[in-house]
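Asker: The structure follows.
The values are calculated or read from the model by the stated rules, or taken from the named source; none is laboratory data. All of these numbers come straight from a predicted model, not from anything done at the bench. These area figures cover heavy atoms from the full protein model, side chains too; ligands, DNA and RNA do not enter into them. Shrake-Rupley method; radii C 1.70, N 1.55, O 1.52, S 1.80 Å.
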Amino acid sequence: EKYMEFDLNNQGEIDLMSVKRMMEKLGAPKTHLELKKMISEVTGGVSDTISYQDFVNVMLGKRSAVLKLVMMFEGKANESDRKPSGPPPERDIASLP
């Protein structure tokens, strides 16, 4: 689902602009040179676009920093949706700021 979300041209490849959008959405914007280097690392310098297989390898590989960013982003998004239920816990003088 994440791959399809960032495959802007629907051609089965994530290009430079799609990676740029992904990183901005994750709160870690990068320069064009940094993005080109990231794509080169993912593809092994073979391509200017990230294929689905390359994407899966990055997400499941040992260097899964991108996956960690995505999971952190997803977790924060889900946390804002949750609201505590029930009455608030009782406080005492020591717990006040």
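Asker: Do you know which residues across the stretch 27-50 are part of a helix (DSSP H, G or I) and open to solvent by less than 60 Å² (accessible area, probe 1.4 Å)?
Answerer: Residues of the stretch 27-50 that are part of a helix (DSSP H, G or I), as a first pass: 32-43.
Answer for the stretch 27-50, where residues must be part of a helix (DSSP H, G or I) and open to solvent by less than 60 Å² (accessible area, probe 1.4 Å): 35, 38, 39, 40, 42, 43.
Asker: Considering each residue of the stretch 51-97, count those that are modelled with pLDDT of 65 or more, open to solvent by 100 Å² or more (accessible area, probe 1.4 Å) and either under 25 Å from residue 32 (Cα atoms) or of a type in the set (A, V, I, L, M, F, W, C) (or both), and give that number.
Answerer: 4
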